[in-house]
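Have a look at the structure below before the remarks.
The values are calculated or read from the model by the stated rules, or taken from the named source; none is laboratory data. Computed from a predicted structure; not experimentally measured. For neighbour counting, all protein chains shown are included, and Cβ atoms are generated from backbone atoms with ideal geometry for every residue, glycine included. These area figures cover heavy atoms from the full protein model, side chains too; ligands, DNA and RNA do not enter into them. Shrake-Rupley method; radii C 1.70, N 1.55, O 1.52, S 1.80 Å.
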Amino acid sequence: MPEETTNGTQAQTTLDICVAAGCLSCQGDLVKEALEKEIDARGLAERVAVRGVGCLGLCMAGPLLRVSPDGILYQAMVPEDAGEIVESIGKKPVKRLECDAEQSFFTRQVKIVLENSGEVDPDKLDDYTAVGGYDALAKAVGEMEPSEVISEMVTSGLRGRGGGGYPSGLKWGTVAKADGARKYVICNADEGDPGAFMDRSVLESDPFRVLEGMAIAGYAVGADSGYVYCRAEYPLAVKRLKNAIRQAERAGFLGSNICGSSFRFTVDIRLGAGAFVCGEETALISSIEGNRGSPRPRPPFPAASGLWDCPTLINNVETFANVAPIIRNGGEWFSGIGTEKSKGTKVFALAGRVQNTGLIEVPMGTVLRDIIFDIGGGIPDGRKFKAVQTGGPSGGCIPEQFLDMAVTYESLAQAGSIMGSGGMIVMDETSCMVDVARYFMEFCMTESCGKCVPCRVGTMQMHELLEKITQGRASMKDLDLLEELCEVVRFSSLCGLGQTSPNPVLSTLRYFRDEYLAHIRDHVCPAGVCKMKSPSKIHAEVA
Amino acid sequence: MPAKVITLTIDGRDVSAREDYTILDAAKEANVKIPTLCHLEGLCDVGACRLCMVEVKGIPKLLPACVTKVSEGMSVTTDSERLLHYRMTIVELMFSERNHICSVCVSNGHCELQAMAMRLGVDHMRVPYRYPTLPVDASHERFVLDHNRCILCTRCVRACDEIEGAHTWDVMGRGIDAKVITDMNEPWGKSESCTSCGKCVNVCPTGALFEKGRSVGEMVKRKAFLPYLTQMREGKK
Ligand SMILES: Cc1cc2nc3c(=O)[nH]c(=O)nc-3n(C[C@H](O)[C@H](O)[C@H](O)COP(=O)(O)O)c2cc1C
Ligand code: SF4
Ligand code: SF4
Ligand code: SF4
Ligand code: SF4
Ligand code: FES
Ligand code: FES
């Protein structure tokens, strides 16, 4: 599509360069500047436009640049490449920098949440409306009753993408029915899972989309204000969001009389200090209220009594990003994608020992092997796949025998892990599974809020035991105690953090028990990761 | 409007309860004793110690009795093997966290943690002690805070805030490093908000808060006044 340049003429070529955090961190901004300078210097400003767009997905190869309409993709550029790139416009592409746009990484994905990511300038409302942005909001407030919006959500079968997988339509319905003169909508953009950056990327690449979802939700449940709770470590996301809120307000998509109706909805941003537990909904609410961010027992659930004791709808960033397309295309359309009980697509942050690391979106039910070996390009350096960790600190490790499993909420749970927010860390034989469990336990221990005993003290004791095992100082009794603590902490902790903290231990014990035994009985780390004292030394200590 | 009365079963017995009761309230009325530590009549409940957890038929999760409301037809079990085992482990975890040496503690013989251990039959420790190095704050003219005995039940925090209205206490830090503090983590003796009313000391279940000049065994906590004060304050019930 031709692009309007600053001087009002139609550009023939657009250079779309990724300006999401990943690419900016490898000089994407400098490359963009260099390209602009180069274009000016050659007097091409009327023919060639440079545009900053959201994440193009293959972040490991950044900065990424797409040349439209030629469909050429460039990777890993440095500012010095600008001249050569501009020179090549309309001619042969620069082979050296080319990134294969036809590789499975790109072609096997199905984009709903990320459909605008890399397609629109996240700072320009016009870009967003040009691709149908805010049509869904206009349709909802203009043509639909709130109850119709909710029933469309129910039909879609969308489940929360923040970790729990609770049916979104059901949650919306509960809040809509709750008694309360005031109601709130909260977007959970805390994203505390280590290694996860799905929500950040959506906010940086397509902030208007999240706001649109929130406004539709507000209309559906009867709320007139909302908050985005975002961690302060995401300054770029916050900046884009602020800008998006301002532009949407000015254009009448937020504020009073939205799309000419009597519906009113405002959105504010609240910054979190970056505590993992503040992603837990009751802790998050407490944090917005200005109190210490620690969870409280549920019920009452936020849907009945949340922010300032008012009924509150709280959904994840990705959940909200799914709303506009559902309203635009209908719930039926959405429920046609994915599997019986897991509908739609899921965004995953693919990381670890895999060729293509980055952000991907695939239909629910995509086979694990396809994700890791086809889209992910397999394990580098000729090594062997060992396990994939899903669901972050609340999840577990899935071994090779499950590679042909279709990824759904249910199948992951069956394999002893969870979908979580979508982190996927691939591991090869150089990873020690006991050490992996120890790492996640350490995370839970340091992130525990300290309110309840089993989590506060239990995670610390479990970490101690895992440390002992990885150092070759543990006995079988220690292993028994570890397993017992897993059970107590899991069933008696107050919130999800404590309740799920044993998961990485349980799943590694389930599939890699022999590694634990090797550490304990033979004082060896089969993967060669853990540094052990020599067995003779240990025996000397014990004696 | 009088609250509705509902029926439920607790340990197989039929009991009736007001619909705004917690499981703990209903159990108390029916003379069923559920172990508690962070709960104290007269203060709001936080569900932090997890000792009061019960099984409810049809719900796979365990629920804390102190914050879970009763409902019609609910079937509650308060003392299964499993619950006892979890409670014993939780008490062991409490002992392991800080330095509890009862023989030299002012609360020896009058301590709820100690009593709980005896009641549940915790006679040895399977989890290792942590032995942290923790300070004692004796800067207040009448009271002492000994972090070594604190179990972070936050009763002091709630009593000071909800009953005395001073809000001298708070919790700072995360996880195993969490601790109670006075004002902005200043010595208690320097506190400008503390009225020296002694409520926190009297609601503390352990020897973490005590009065100066009392010998071991003398440090008996008087906490029965709390419900009374709450009633006076709210002027109802
Ligand atoms: C310890 C903990 C951390 C969490 N962190 C997040 C988070 O970072 N982002 C998020 O959306 N949900 C997080 N959740 C889940 C939220 O509590 C909540 O279920 C979710 O935001 C609901 O949105 P959804 O239904 O759209 O998934 C966390 C839960 C727990 C227990
Ligand atoms: S489980 Fe952990 S994080 Fe959750 S309330 Fe208890 S101590 Fe805090
Ligand atoms: S506080 Fe209680 S359990 Fe701890 S040392 Fe004193 S008497 Fe013993
Ligand atoms: S003595 Fe009274 S005012 Fe002072 S900290 Fe204790 S409860 Fe609060
Ligand atoms: S000082 Fe006493 S009342 Fe306060 S939290 Fe510690 S144990 Fe509980
Ligand atoms: S951040 Fe640029 S491609 Fe993902
Ligand atoms: S008494 Fe219920 S959790 Fe402490």
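Some observations on this one:
- For chain B, the longest site-free run once GluC sites (Glu not before Pro) in DSSP loop states with at most 15 other Cβ atoms within 10 Å are removed: B:73-140
- Förster radius 30 Å - calculated FRET efficiency between A:Leu170 and B:Cys44 (Cβ-Cβ, nearest 0.05): 0.50
- Largest first, the residues B:Val122, A:Val453 sort by 1.4 Å accessible area into B:Val122, A:Val453.
- A Förster radius of 35 Å, combined with the Cβ-Cβ distance separating A:Lys124 from A:Trp308, puts the computed FRET efficiency at roughly 0.50.
- Global geometry of chain A, whether rounded, prolate or oblate, following the gyration tensor of its Cα atoms and the 1.5 cut on a/c: oblate
- Per-residue surface analysis assigns A:Phe373 an accessible area of about 80 Å², computed on protein heavy atoms at 1.4 Å probe radius.
- Under the criterion of Cα pairs below 8 Å and six or more residues apart, the relative contact order for chain B equals 19 percent.
- Percent carbon-and-sulfur accessible area, region A:58-170, ignoring ligands, DNA and RNA, probe 1.4 Å: 50 percent
- Karplus-derived HN-Hα couplings along region A:149-166 (A = 6.51, B = -1.76, C = 1.60, θ = phi - 60°), whole Hz, x at Gly and Pro: 4, 5, 5, 5, 5, 4, 4, 4, x, 4, 10, x, 9, x, x, x, x, 6
- Set of aspartates and glutamates with alpha-carbon distance to B:Lys223 below 17 Å, sequence-local pairs under 8 removed: B:Glu41, B:Asp45, B:Glu112, B:Asp161, B:Glu162, B:Glu164, B:Glu211
- Cα shape, region B:81-196, gyration tensor, a/c 1.5 rule: prolate
- A Förster radius of 41 Å combined with the Cβ-Cβ distance from A:Leu44 to A:Ala273 puts the calculated FRET efficiency at roughly 0.35.
- Lys/Arg +1, Asp/Glu -1 at C-beta; the protein assembly as shown dipole; positive extreme among A:Val53, A:Pro302, B:Val70: B:Val70
- Local electrostatic count at A:Cys525 - Lys and Arg +1, Asp and Glu -1, tallied over other residues with Cβ under 9 Å: -1
- Gyration tensor (alpha-carbon) shape descriptor, region A:15-57, a/c threshold 1.5: oblate
- Shielding by partners, peptide B:151-160 (average Cβ within 10 angstrom, other chains): 1
- Of all accessible heavy-atom area on chain B, the percent that carbon and sulfur account for (1.4 Å): 54 percent
- Among residues other than B:Ala178 with Cβ under 13 Å from its Cβ, the summed charge is +2 (Lys and Arg +1, Asp and Glu -1).
- Entry note, region A:7-145: relative contact order of 26 percent, from Cα contacts under 8 Å with a spacing of 6+ residues.
- Here chain B carries DSSP beta bridges of which approximately 90% are antiparallel, counting only pairs with both residues inside.
- Cleavage-rule hits (trypsin sites (Lys or Arg not before Pro)) in region A:379-464: DSSP loop, at most 11 neighbouring Cβ within 10 angstrom: A:Lys384
- Region A:398-450 versus region A:40-61: alpha-carbon centroid distance in Å: 38 Å
- Aspartates and glutamates whose Cα lies under 17 Å from that of A:Lys37, excluding same-chain neighbours fewer than 8 positions away: A:Asp16, A:Asp29, A:Glu46, A:Glu80, A:Asp81, A:Glu84, A:Glu87
- Solvent-accessible area buried by A and B, counting both chains, probe 1.4 angstrom, square angstrom: 2500 Å²
- Per-residue mean of C-beta atoms belonging to partner chains within 10 Å, peptide A:442-454: 6
- Listed residue (A:Met77, A:Ser88, A:Gly169) projecting farthest to the positive dipole end of region A:53-189, Cβ model: A:Gly169
- Look at the stretch A:294-302: the mean tally of other chain Cβ atoms within 10 Å of its residues' Cβ atoms is 3.
- Amide H contacts of A:Cys432: none lie under 5 Å away among residues 5 or more positions distant or on a separate chain (H built 1.01 Å from N in the peptide plane; Pro and chain starts excluded).
- In the assembled protein chains, B:Leu145 presents an accessible area of approximately 10 Å² (probe radius 1.4 Å).
- Relative contact order (percent, whole number), chain A, Cα cutoff 8 Å, 6+ residue spacing: 13 percent
- Counting only protein chain heavy atoms and rolling a 1.4 Å probe, the accessible areas of B:Phe95, A:Phe320 rank, largest first, as B:Phe95, A:Phe320.
- For chain B, the solvent-accessible area of protein heavy atoms averages 48 Å² per residue (probe radius 1.4 Å; ligands and nucleic acids excluded).
- MRE, 222 nm, helices only [DSSP H, n ≥ 4, -39500 (n - 2.57), over chain A, to nearest 500]: -11500 deg cm²/dmol
- Less than 5 angstrom separates the built amide H of A:Asp123 from none of the residues sequence-distant by 5 or more or on a different chain.
- Loop-located GluC sites (Glu not before Pro) in region A:326-379, at most 13 other Cβ atoms within 10 Å (DSSP): A:Glu340
- Charge context of A:Arg353, other residues only, Cβ under 12 angstrom, K/R +1, D/E -1: 0
- Accessible surface ranking for A:Met405, A:Met462, 1.4 angstrom probe, highest first: A:Met405, A:Met462.
- Cross-link partners of A:Lys341 among aspartates and glutamates, defined as those whose alpha carbon lies under 17 angstrom from its own and excluding same-chain residues fewer than eight positions apart: A:Glu152, A:Glu332, A:Glu410.
- For A:Ile314, the amide hydrogen comes within under 5 Å of the amide hydrogens of A:Ile186, counting only partners 5 or more places away or on other chains and with H modelled in the peptide plane.
- Only beta bridges with both residues in the protein assembly as shown are counted; by DSSP, about 65 percent of them are antiparallel.
- Surface calculation, 1.4 Å probe, protein heavy atoms: A:Phe197 sits at approximately 40 Å² accessible.
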